[in-house]
C-alpha cells in the first residue's frame, strides 16, 4: 500500500498582527519654578557620549577655521548661562585615560572682561552621583534627591550653589583666552 502524499507543500499564512494598542498615561505638566528668562544659554550636550578629545561646541566665527561648520558665530555679551552635559566612555573599555571637559573663553575686545561664575557644579556618575531610578515627582527641598550627575548638578545650580573647585570670577585680558 502506498500512503497518500500531498503533491504540493501546505503553506499556512499567519494571521496579520493585531493593531498596536494605544496606551494613554495621564501626566501633569508643571511649570519650572520662577519661569524662564531671556538669558542666552551655551548648551553643550551633543554628542552626549564622548569617545575622544576635541572641540564639542564653539561660538567663534567660522572664518579661517579648518571646519567652519563646527563654529556657531555667536558672541555672548552681558549675562549668559553655560550648560554642558557629556558622558565620557572609553573605547575599548580597558582604555582608562581621563577626559576632562574644559571651557575656553575668548575676549575679542580691547579691554579686560570679568566673568562672574554665579552657580556651577560638576559631578561624575561614580562616585559622586550614581544613576538611580526614582519616582517621577518628589519633594526635594535640600537637593539630596537626584538620578545621576546631570540631575545633581542642575539641582545645585537651581539652588544658586557654586562648588568650591570653581572660581567666583575669571578676568580675561583684551584679545586673550582663558
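Please treat every number below as a calculation from the coordinates, not as lab data. Since we're looking at a predicted model, the values are computed, not measured. Glycine also receives a Cβ, built like all others from the backbone with ideal geometry; neighbour counts cover every protein chain displayed.
Roughly how many Å is it from the Cα centre of segment 60-118 to that of segment 126-178, as a whole number?
18
Going by how many other Cβ atoms sit within 10 Å of their own, how do 69, 151 line up, fewest first?
Working: 69 7, 151 17.
The order, fewest Cβ neighbours first, is 69, 151.
Which of 15, 63, 156 moves the most in a Gaussian network model of the chain with Cα springs under 10 Å?
15
Mean residue ellipticity at 222 nm from the helices of the chain, using -39,500 (n - 2.57) per DSSP H segment of n ≥ 4 over the full residue count, to the nearest 500 deg cm²/dmol? Please list the in-between numbers first.
Values: 1 runs with 10 residues, N = 178.
Here the helix-only value at 222 nm equals -1500 deg cm²/dmol.
Got a sec? Which residues in segment 98-133 would a label at residue 79 touch, if it sits 7 Å along Cα→Cβ and we count backbone N under 20 Å?
Answer for segment 98-133: 113-121.
Among the DSSP beta bridges whose two residues both lie in the chain, what percent are antiparallel, rounded to the nearest 5? Write out the running numbers ahead of the final one.
Working: 5 of 13 bridges.
If I count the DSSP bridges inside the chain, around 40 percent turn out antiparallel.
Apply 1/(1 + (r/R0)^6) to the Cβ-Cβ distance of residue 164 and residue 144, taking R0 = 22 Å, and write down the FRET efficiency to the nearest 0.05. Intermediate values should be presented prior to the final figure.
Numbers: r = 18 Å, r/R0 = 0.84.
Taking R0 as 22 Å, the efficiency between residue 164 and residue 144 is 0.75.
Choose one answer from 94, 53, 22: the residue with the largest mean-square fluctuation in a GNM of the chain with alpha-carbon springs under 10 Å.
Result: 22 has the largest fluctuation of those listed.
Largest first and in whole Å, what are the equivalent-ellipsoid semi-axes of segment 38-103 based on the Cα gyration tensor, each being the root of 5 times an eigenvalue? Numbers along the way, then the final one.
On the way: eigenvalues 136, 51, 14 Å².
Semi-axis lengths for segment 38-103 are 26, 16, 8 Å.
Is the shape of segment 43-178 rounded, prolate or oblate, going by the alpha carbon gyration tensor and its root eigenvalues a ≥ b ≥ c, with a/c under 1.5 for rounded and a/b larger than b/c for prolate?
Numbers: a/c = 2.20, a/b = 1.36, b/c = 1.62.
Judged from the Cα gyration tensor, segment 43-178 comes out oblate (a/c at least 1.5, b/c at or above a/b).
I need the calculated FRET efficiency for the pair residue 57 and residue 124, taking r as the beta carbon distance and R₀ as 22 Å, to the nearest 0.05. Working shown, then result.
Details: r = 21 Å, r/R0 = 0.94.
The formula returns an efficiency of 0.60 here.
What is the spin-label model distance, in nm, from residue 99 to residue 177 if the labels are put 7 Å beyond Cα along the C-beta direction?
It works out to 1.9 nm between the two label points.
How high is the relative contact order of the chain, in percent, with contacts defined as C-alpha pairs under 8 Å that are six or more residues apart? If you can, show how the numbers build up before the last one.
Values: 196 pairs, mean separation 35.6, N = 178.
Taking the mean separation of contacting Cα pairs over the length of the chain, I get 20 percent.
Spin-label point model (7 Å from Cα, Cβ direction): what's the residue 154 to residue 90 distance in nm?
2.9
Pick out which of 57, 166, 96 has the largest mean-square fluctuation in a Gaussian network model of the chain, springs linking Cα atoms closer than 10 Å.
The residue that fluctuates most here is 96.
Any chance you could give the angle, 0 to 90 degrees and rounded to 10, that helix 149-158 forms with the longest Cα principal axis of the chain?
The helix 149-158 is inclined about 40 degrees to the chain.
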